[in-house]
Every structure is written in structure tokens, then in C-alpha cells.
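Accompanying notes for the structure given below.
Values in this text are rule-based calculations from the coordinates and carry no lab data. Only a predicted model underlies this, so the values are computations on that prediction, with no experimental measurement involved. As a convention, Cβ positions derive from the backbone with ideal geometry for all residues, glycine included, and neighbour counts pool all protein chains shown.
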Amino acid sequence: MITGKDPISLQVLEAFTQKQKLADIAATFDLSLDQVKRLKRLFNYIHTVDSLTNEQTTKQFKQLGTKGLFLYPYIKAKDTQALAEILAFTTEQTTRDELLELMQQYDAKQTRIRADVPSLFNGIYAKRNGLSGKNYGAAAG
């Protein structure tokens, strides 16, 4: 089974550094082209995470193997905070379902924070202008 951490996967990831063609790698390691493409995405994501974050976060991403591919939305968005916070709670034994749950929890946390931002700004506005009431933004208009 190709996990991104097994011996064959590690050899394939090394072959990518030597810029071999995907079809050649598939033939060499007796893998399907789809498996090689999946490992190529992992290879690219590892390098993206490495360029965006610190060594510890990259190490945590690598230990997930191909399960790390589920973090695509955060990698694509270059959301270093999400990657760091989610990966901080992962281990080699983290399951796909646990990773997806961590992602949902992070997204829910961000939604709560965004919902609280208007009230925070309203509170700051009220303090500056000596206003009281719930909708301070409307008083400015």
C-alpha cells in the first residue's frame, strides 16, 4: 500500500528529486500512473509546506504521508496559520477521519472568530466615541 511513508513511496519521492518522468517512475516501481501522480502531489505539497512554514510543521506534515493531501485547501490558500494549528495536533497515527475532524474544528473556530470581529470593532468604536447601545456602527452613519 502506498502511504507516502512506506519504503517504495520514499524511493519514488527521491526519484522526483532526480526529475524522472512519471511514466518511467511508474514502470520502475511497478506502480500505476495514478499512484505516482498522487505521490507527486504529495511531493509538491511537502515543498510548499516547507517553503511556507517552519521545520517542525513540515515534519508533522510529512508524518501524515498521503493523508496530508486532505490539507489541500489550506496549502492552496497558503494559510500558514491553519497548517500550523492543525498539524500541531497530528501524529503518525492520526487517521484520515481525525484529520478531517481537526480541519472542521479549525474552520468552525475561524467562523466564530469572524463572527466576533464586528462586535469587537463595535466595542472599540463605542469606547472611542463614548457611545452606548448595541449597534455602534449605525451611529456613525
Item to check | Selected residue (criterion: farthest from G4 (Cα to Cα)) from residues of the range 54-97 that are surrounded by fewer than 18 Cβ atoms within 10 Å (Cβ to Cβ) and among the hydroxyl-bearing types (S, T, Y) | outcome: T80
Next on the checklist: On the basis of being within 23 Å of K59 (Cα to Cα), surrounded by fewer than 18 Cβ atoms within 10 Å (Cβ to Cβ), among the acidic types (D, E) and out of contact with any His (no Cβ under 8 Å at 6 or more places or on another chain), does D34 make the cut?
Outcome noted: no
Next on the checklist: Between a residue in the range 100-113 that is within 13 Å of L83 (Cα to Cα) and touching a residue at least 24 places away in the same chain (Cβ under 8 Å) and any residue that is part of a helix (DSSP H, G or I) and among the hydroxyl-bearing types (S, T, Y), which pairs come within a Cβ distance under 9 Å, given they are 6 or more apart or on different chains?
Outcome noted: M103/Y74; Y106/Y74
Item to check | Hits in the range 98-108 (condition: surrounded by 12 or more Cβ atoms within 10 Å (Cβ to Cβ) and not acidic (D, E)) | outcome: L99, L100, L102, M103, Q105, Y106
Checklist entry - Taking helices (runs of 4 or more DSSP H) that fall entirely within the range 1-75, which contain at least 2 residues that are within 14 Å of the chain's Cα centre (by Cα) and touching a residue at least 12 places away in the same chain (Cβ under 8 Å)? => result 33-52, 55-64
